[in-house]
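Written out below as structure tokens is the structure these notes cover.
The values are calculated or read from the model by the stated rules, or taken from the named source; none is laboratory data. Bear in mind that the values here come from a model prediction, so they are computed numbers and not experimental data. Don't worry about glycine lacking a Cβ; one is built from the backbone with ideal geometry, like all the others, and counts go over all protein chains shown.
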Amino acid sequence: MNKLIGTMLVLFVLFGALAGCAAPEPTKAPPPAPTRAPATSVPPAATKPPATAAPAPTTAPTAAPVQAPVKIVYWRALSGAPGNAQEELAKRFNAAQKEVQVEVQFQGTYPELRRKLQAALAARTTPDLVMLDSPQMPYFAKNGALAPLDDFAKGADGVDLKNFIPGLLGDSYYDGKLYAMPFARSTPILYYNRDMFKAAGLPDRAPETWEEFYDFCKKLTKKDATPARVGYAVQMGATTAHWYFQELLYAYGSDVSDDKFKVLLDQPEAIAAAKFLQDMVKEGVVVPGTGPDGAQGEFTNQRAGMHFGSTGSLVNIISTSKFQVGVGFMPAAKRRQVPIGGSVIAVLSASPKEKQAAAWKFLKFMTSTESNVYFVQKTGYMPISTSAVNSAEMKEFMTKNPAFKVAVDQLQFVRPQASIIAVPESTEIFRQLVEKLTVGLVDPATAMKEATAALTKAYNESFK
Amino acid sequence: MGKNPFAKPASQPPFLHQMLGLTRYHRVERLAFLALIAPNFILFGVFTFWPLLYNLYLSFTKWNMIVPNPTWIGLDNYAAMIQDPIFWRVLWNTIYLATGSITIRLVMALALALVLNQKLAGRDVYRAIIFSPTFTTGAAIALVWAWIFHKDLGLLRLPLSWLGLPSPNWLADVNWTIPALIIVTIWRGLGYDMVIFLAGLQGIPAELYEAARVDGAGRWALFRHITLPLLSPITFFLIVTSIIGALQVFDIVAVMTQGGPMNSSKVYVYYVYENAFKFFKVGYAAALSMVLFLITLAITIFQTRLSRRWVHY
């Protein structure tokens, strides 16, 4: 028995050390939204208590001659390059002026940050600014957690809202009020394996339409090869499935839901889109992307010839692929519309007025042309304003990175995500819908009707 | 067991009354007693009893943790649960996973403990290897197994192909997700169960076996009439803790399947988490937790009752 315990202890220490080594996340940056980083990534700041945003009643008399700087706290998500770029921008902001000093606190992935924000709101110790995965903004705004920014935007220290790209600014609004500013925005683009395309005798370009996409998939599929090859692996999972599925629905002329949150998935054009996806799966030229690395793993492992991914995954995908990667627009059908993803920055309503004003100053700085150009170049996220797109630096950057130019060119087709995505349960319902269509092979009309009912119920219960 | 010096006869008057009438010596003794239990009791109070009561309160409310205060809605959450098909699905998944995992694991653990209780070359190494999953984190286990289960690239397809069997699409087929989770939970918990069984086996006095052998008992009789009855407290302990553990499986589901596809692997605690932190239905999640608490309590009481028939101390 003693010997046993001894062996156990030795192994315990050994494995403990190994586990310790393995704990930090691999250095590759997680793809920017909406693909969430693996649930295992524990942010180093996880245990850091949120800085209290409560006003100190004795400090900062408004008319004092020598004013101490207003201190504000910003909770950010995103690690790796987009994280470092935010830290650098905050440093520049603090160095450039003395009235406002911002402290940036890393809070993990979007879902982790959202959970902490939820807890912070319950505990009433919120930061002044938060980064939010854009579809989550309306729910927090609706529940009174966010401060409307219209007065700041139109005020003396305001910004020209017309300068922002309309498709990117659109989902900063809830109920007619501006509640956030676009920051790290991304769109889905089509990635393809140029080597596989060549071997299949396909042209070196992305398919233009969904019909052509189907045709390409057929030509790419090799069922007898080991491992088997297919045209495309469908994105699954609660964080990504809805985003790419929305694009297919938009292409077929469905708006998914209207601005009154009426769900339109049971309409003929939506059902046609669902049937189209299922037909490709039934034929075996498209498969559910259920592997451990999801659809992206199937693509980088050369099991799927095409892939939809965030623009922000560009660097990641090219660096992990042992083949030539090509990029193109998402396929069109009746029309070409691409849902915007990524994050916005919002100001908390619990912050006192002078902190909100200070937060606005920081927000204005973060979304300025220079800051945006810097952020885009460091990360691969989308430029958010016309002035950023047209700046000389951005043009030079696009010349050097033609793949990135595709993403920017696609900006003319972007639109905010469907209104119903703001309902917290919706992404899980969409995920189950995609599973029903591609794994369960449930009749498309039935699956779409069930999803319509489930989404309507969720809206009535938690959003109405 | 020695006589407890602090124990008082049951006929003593109530506590407060007693305090007032006590001698100084006894009063100090009482205070010492309270001071000694206080750290534990206060921590339990703050981190276990209070949250439990608060959770009970929340289960009668609708709240998203974003608006300042919960809204009282009475029994609506419990009524909604009865009509929620996913709740029943999740309950079934959890029972399926628990039953499959525990029965197979305990039998295997006992068999392994019996083998590794023999004098074998390198037995300490085997013991250590089998025990090692116990101190590996759930997320790491889930990531590795997700690869092992891959239909075309996974390791598990090899032994299946030797047997001429096709590899199921483990994590993408609604019929295979729970069996996959059963395999992982068995692998993960086997070592711990085996070690506890081993300790139990080594606690059985060798004289009993000798005496039985002298009386002409065979191997099966030894196992049936000495090993099994004398291991029964250990078996009972493992059954109770395994059931409680199996009802709380979360990490491997969160990493491997997130409950999919089509809710086929959604287990109870994952559904609670989803409601509270993804759907912002904190009241509903609290009600689900209360039901899980009651289920666990009922099972444990039932087990304890039942144990009087088969556990020999």
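Among the numbered conditions (1) in contact with a Ser or Thr (Cβ under 8 Å, 6 or more places away or on another chain); (2) in contact (Cβ under 8 Å) with a residue 60 or more places away in the chain, the only one that residue B:72 does not meet is (2). If a residue has to be out of contact with any Lys or Arg (no Cβ under 6 Å at 6 or more places or on another chain) and away from chain B (no Cβ under 14 Å) to count, how many in region A:279-289 make the cut? Total satisfying the criteria: 4.
Is it the case, given these coordinates, that residue A:355 is of a type outside the set (S, T, N, Q), part of a helix (DSSP H, G or I), more than 14 Å from chain B (Cβ to nearest Cβ) and more than 30 Å from residue A:249 (Cα to Cα)?
Working: of a type outside the set (S, T, N, Q): yes; part of a helix (DSSP H, G or I): yes; more than 14 Å from chain B (Cβ to nearest Cβ): yes; more than 30 Å from residue A:249 (Cα to Cα): yes.
Judged against the criteria, residue A:355 is a match.
Okay, residues lined up against (1) touching an Asp or Glu at 6+ places or on another chain (Cβ under 8 Å); (2) modelled with pLDDT under 95:
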{"residue": "A:252", "(1), (2)": "yes, no"}
{"residue": "A:270", "(1), (2)": "no, no"}
{"residue": "A:288", "(1), (2)": "yes, yes"}
{"residue": "A:291", "(1), (2)": "yes, yes"}
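Residues that are surrounded by fewer than 18 Cβ atoms within 10 Å (Cβ to Cβ) and acidic (Asp, Glu) were ranked within region A:237-265; the one that is nearest to residue A:218 (Cα to Cα) is A:258.
The set of residues in region B:145-155 being buried (at least 19 other Cβ atoms within 10 Å of the Cβ), assigned to a helix (DSSP H, G or I) and facing chain A (nearest Cβ under 7 Å) consists of B:146 alone.
When region B:169-185 is limited to residues that are under 9 Å from residue B:150 (Cα atoms) and free of Cβ contacts under 8 Å to residues at least 60 places away in the same chain, the one that is surrounded by the fewest Cβ atoms within 10 Å (Cβ to Cβ) turns out to be B:169.
What residue, among those in region B:266-279 that are among the hydrophobic types (A, V, I, L, M, F, W, C) and assigned to a loop (DSSP other than H, G, I, E, B), is farthest from the other protein chains (Cβ to nearest Cβ)?
Restricting attention to region B:266-279, the residues satisfying the condition of being among the hydrophobic types (A, V, I, L, M, F, W, C) are B:267, B:269, B:272, B:276-277, B:279.
Those still in the list that are assigned to a loop (DSSP other than H, G, I, E, B) too: B:267, B:279.
Details: B:267: 15, B:279: 5 Å.
Among residues in region B:266-279 that are among the hydrophobic types (A, V, I, L, M, F, W, C) and assigned to a loop (DSSP other than H, G, I, E, B), the one farthest from the other protein chains (Cβ to nearest Cβ) is B:267.
Can we say residue B:142 is touching a residue at least 12 places away in the same chain (Cβ under 8 Å), within 11 Å of chain A (Cβ to nearest Cβ) and closer than 26 Å to residue B:263 by Cβ? Taking the combined requirement at face value, the residue satisfies it. From the list B:95, B:130, the lone residue that is in the same structural domain as residue B:183 (by TED's automatic domain parsing), within 18 Å of the chain's Cα centre (by Cα) and not in a loop (DSSP other than H, G, I, E, B) is B:95.
Of all residues in region B:275-298, those satisfying the criterion of being more than 28 Å from residue A:430 (Cα to Cα) and free of Cβ contacts under 8 Å to residues at least 24 places away in the same chain are B:294, B:297, B:298. Of B:229, B:159, B:166, all but one fail to be modelled with pLDDT under 95, in contact with a His (Cβ under 6 Å, 6 or more places away or on another chain) and either within 14 Å of chain A (Cβ to nearest Cβ) or part of a helix (DSSP H, G or I) (or both); the exception is B:229.
Going by the structure shown, is residue A:111 touching a helix residue (DSSP H, G or I) at 6+ places or on another chain (Cβ under 8 Å), within 14 Å of chain B (Cβ to nearest Cβ), in contact (Cβ under 8 Å) with a residue 12 or more places away in the chain and surrounded by 22 or more Cβ atoms within 10 Å (Cβ to Cβ)? Can you show your working first?
Numbers: touching a helix residue (DSSP H, G or I) at 6+ places or on another chain (Cβ under 8 Å): yes; within 14 Å of chain B (Cβ to nearest Cβ): yes; in contact (Cβ under 8 Å) with a residue 12 or more places away in the chain: yes; surrounded by 22 or more Cβ atoms within 10 Å (Cβ to Cβ): no.
So residue A:111 does not fit the description; no.
Taken together, the residues in region A:236-275 that are touching a Pro at 6+ places or on another chain (Cβ under 8 Å), within 13 Å of another protein chain (Cβ to nearest Cβ) and not polar (S, T, N, Q) amount to 1. What do you reckon, is residue B:125 surrounded by fewer than 15 Cβ atoms within 10 Å (Cβ to Cβ), more than 24 Å from residue B:245 (Cα to Cα) and within 11 Å of chain A (Cβ to nearest Cβ)? The answer is yes for residue B:125. Just to be sure before I move on: is residue A:167 among the small types (Gly, Ala, Ser), outside the structural domain of residue A:427 (by TED's automatic domain parsing) and surrounded by fewer than 21 Cβ atoms within 10 Å (Cβ to Cβ) in the structure I sent? Criteria not met by residue A:167. Selection of first residues in region A:138-153 that are more than 25 Å from residue A:426 (Cβ to Cβ) and of second residues that are among the β-branched types (Val, Ile, Thr) and in a loop (DSSP other than H, G, I, E, B), restricted to Cβ pairs under 6 Å at least 6 apart or on distinct chains, gives the following pairs, ordered by first then second residue: A:153/A:159. Residues being under 20 Å from residue A:290 (Cβ atoms), in contact (Cβ under 8 Å) with a residue 60 or more places away in the chain and either surrounded by fewer than 19 Cβ atoms within 10 Å (Cβ to Cβ) or within 11 Å of chain A (Cβ to nearest Cβ) (or both) are represented in region B:232-251 by at least one member. Listed by position, the helices (runs of 4 or more DSSP H) enclosed by region A:368-454 that each have at least 2 residues that are more than 23 Å from the chain's Cα centre (by Cα), surrounded by 18 or more Cβ atoms within 10 Å (Cβ to Cβ) and of a type outside the set (S, T, N, Q) are A:426-438. With respect to the stated conditions, residue B:114 fails to be crowded, with 19+ Cβ neighbours inside 10 Å and part of a helix (DSSP H, G or I).
Within region A:370-384, if we keep just the residues that are without any contact (Cβ under 8 Å) to a residue 24 or more places away in the chain and of a type outside the set (A, V, I, L, M, F, W, C), the residue that is farthest from residue A:412 (Cα to Cα) turns out to be A:370. May I ask you to list the residues in region B:253-265 that are crowded, with 24+ Cβ neighbours inside 10 Å and within 11 Å of chain A (Cβ to nearest Cβ)? Of everything in region B:253-265, those that are crowded, with 24+ Cβ neighbours inside 10 Å and within 11 Å of chain A (Cβ to nearest Cβ) turn out to be B:253, B:256, B:257, B:259, B:260, B:261. Every listed requirement among (1) more than 16 Å from the chain's Cα centre (by Cα); (2) touching a residue at least 40 places away in the same chain (Cβ under 8 Å) is met by residue B:191 save one, (1).
For region B:196-203, check the following and say yes or no: at least one residue is crowded, with 21+ Cβ neighbours inside 10 Å, of a type in the set (A, V, I, L, M) and closer than 27 Å to residue B:150 by Cβ.
no
If you check A:233, A:228, A:206 for being of a type in the set (A, V, I, L, M) and either more than 14 Å from chain B (Cβ to nearest Cβ) or within 30 Å of residue A:366 (Cα to Cα) (or both), only one passes: A:206. When residues in region A:415-464 are screened for being within 11 Å of chain B (Cβ to nearest Cβ) and of a type in the set (S, T, N, Q), 5 of them pass. Within region A:127-144, restricting attention to residues that are surrounded by fewer than 24 Cβ atoms within 10 Å (Cβ to Cβ) and over 18 Å from the mean Cα position of the chain (by Cα), the residue that is farthest from residue B:274 (Cα to Cα) is A:144.
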